[in-house]
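The values are calculated or read from the model by the stated rules, or taken from the named source; none is laboratory data. Fair warning: this is a prediction, and the values are worked out from it, not measured in the lab. Ideal geometry is used to build each Cβ from the backbone, glycine not excepted, and the neighbour counts take in all protein chains shown.
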Amino acid sequence: MSHKLTGPQTLLGQTAVAVTDLKPEGEVRVEGIIWRATSVSGDILKGESVRIKKMKGSELTVEKVKEKPSISPKR
């Protein structure tokens, strides 16, 4: 029998969106809920995507999602 994660544990690894600037603290939205968060990857601007790394109580630790480099066509 496998166990399905429920509750706050399901947030780990998910992507959230900054609803305020994180310098390094601010707020993010995940699954429609706003959480207090602290960035471990420097300042994050409102609207940028973050990945949830840890959760302690009702506060999240997040890191900026690395953008994939765009591939420009060769000329």
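Tell me which residues, restricted to region 48-57, are under 15 Å from THR10 (Cβ atoms) and polar (S, T, N, Q).
none
Of the residues LEU60, LEU11, LEU22, only one is within 13 Å of the chain's Cα centre (by Cα) and either at pLDDT below 95 or small (Gly, Ala, Ser) (or both); which?
LEU11
What tally of residues in region 54-68 results from selecting those that are of a type outside the set (Lys, Arg), part of a strand (DSSP E or B) and exposed (fewer than 12 other Cβ atoms within 10 Å of the Cβ)?
Taking region 54-68 and keeping what is of a type outside the set (Lys, Arg), we get 55, 57-63, 65, 67.
In the following step, the residues that additionally are part of a strand (DSSP E or B) were identified as 55, 59-63.
Filter once more, so that each one left must be exposed (fewer than 12 other Cβ atoms within 10 Å of the Cβ): none.
So the answer is 0.
Scan region 17-32 residue by residue and report those that are of a type outside the set (Gly, Ala, Ser) and part of a loop (DSSP other than H, G, I, E, B).
VAL19, THR20, ASP21, LYS23, PRO24, GLU31
Does SER49 satisfy the condition of being hydroxyl-bearing (Ser, Thr, Tyr) and modelled with pLDDT under 95?
Here the answer is no, as SER49 does not meet what is asked.
Among the residues of region 41-53 satisfying the criterion of being assigned to a loop (DSSP other than H, G, I, E, B) and surrounded by 15 or more Cβ atoms within 10 Å (Cβ to Cβ), which is nearest to the chain's Cα centre (by Cα)?
Within region 41-53, the match that is nearest to the chain's Cα centre (by Cα) is GLU48.
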